[in-house]
Amino acid sequence: MARYTDPVCRLCRREGVKLFLKGERCYSDKCAIDRRAYPPGQHGQGRKRASEYGLQLREKQKARRVYGVLEKQFRAYYAEAARRKGITGDALLRMLEMRLDNVVFRLGFAASRAEARQLVKHGHFDVDGKRVDIPSYQIKVNQVVTVSEKSASSPRFKELLEAAESRTAPAWLERDIPTRQGKVLRVPAREEIDAPVTEQLIIEYYSR
């Protein structure tokens, strides 16, 4: 499956906002957008004001990059959100938040969503006692995500679990670091989703 492999700091600079794609680096003085707060490329400092379509496109791209989703898959999420009852934008963000890789990241079991996606693919997590290696797997309420016993002994997971103690898990998740477990208590409310996106612009983009 295709995947973006170029420097991800360029993505933050292109969108003009921190997308927190590099874990701890994003909180340090090495953050690229803090050093060069303009789009990459030789014309980055001379871009013109975006049109209405341009604003919608950038918002869609920003959401895709935050969650690490390709265009075809993102469009499928939108189509499913449009079929559901309620506000389409809220439904879209909730589905993205309930992806297994995102839940692993929110629990603090990975430093970034990209690392969470890789760890899930390599089979380091169980869902309700069964190994799941699909990053896009939709977690349901009351399901339990656990770092596998074999994986927990690795140096990297020891670092991650120690770092997780200083990070607060969202209110819609319940985390128990000693047992390496996290449980989904409920679907997150819109105000609990801190992704820096304006979902209405995304809906307008796909509704053209």
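Which pairs turn up if I take residues in the stretch 69-83 that are more than 15 Å from Glu199 (Cβ to Cβ) and look for partners that are surrounded by fewer than 14 Cβ atoms within 10 Å (Cβ to Cβ) and basic (Lys, Arg) with beta carbon separation below 8 Å, at least 6 apart in sequence or on another chain?
Leu70/Arg3
How many of the residues making up the stretch 130-153 are closer than 16 Å to Arg175 by Cα and of a type outside the set (A, V, I, L, M)?
Within the stretch 130-153, residues that are closer than 16 Å to Arg175 by Cα and of a type outside the set (A, V, I, L, M) number 5.
Does Arg94 satisfy being under 25 Å from Gln181 (Cβ atoms) and within 11 Å of the chain's Cα centre (by Cα)?
In short, no.
Please find, within the stretch 132-154, the residue that is surrounded by the most Cβ atoms within 10 Å (Cβ to Cβ) out of those that are in a loop (DSSP other than H, G, I, E, B) and in contact with an Asp or Glu (Cβ under 8 Å, 6 or more places away or on another chain).
That would be Pro135.
Please work out which residue is nearest to the chain's Cα centre (by Cα), limiting yourself to the stretch 162-200 and to residues that are within 21 Å of Ala63 (Cα to Cα) and without any contact (Cβ under 8 Å) to a residue 12 or more places away in the chain.
The selected residue is Asp194.
Residue-wise test of (1) within 22 Å of Val69 (Cα to Cα); (2) modelled with pLDDT of 95 or more; (3) in the same structural domain as Glu59 (by TED's automatic domain parsing).
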{"residue": "Ala110", "(1), (2), (3)": "yes, no, no"}
{"residue": "Asp128", "(1), (2), (3)": "no, yes, no"}
{"residue": "Glu162", "(1), (2), (3)": "no, no, no"}
{"residue": "Glu165", "(1), (2), (3)": "no, no, no"}
{"residue": "Ile177", "(1), (2), (3)": "no, no, no"}
{"residue": "Asp194", "(1), (2), (3)": "yes, no, no"}
{"residue": "Tyr206", "(1), (2), (3)": "yes, no, no"}
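Please give the number of the condition Ile134 fails out of (1) without any contact (Cβ under 8 Å) to a residue 24 or more places away in the chain; (2) out of contact with any strand residue (DSSP E or B) (no Cβ under 9 Å at 6 or more places or on another chain).
For Ile134, the exception is condition (1).
The values are calculated or read from the model by the stated rules, or taken from the named source; none is laboratory data. If you're wondering where the values come from, they're calculated on a predicted model, not measured in any experiment. Please note: Cβ atoms are built from the backbone with ideal geometry, for glycine as well, and neighbour counts cover all protein chains shown.
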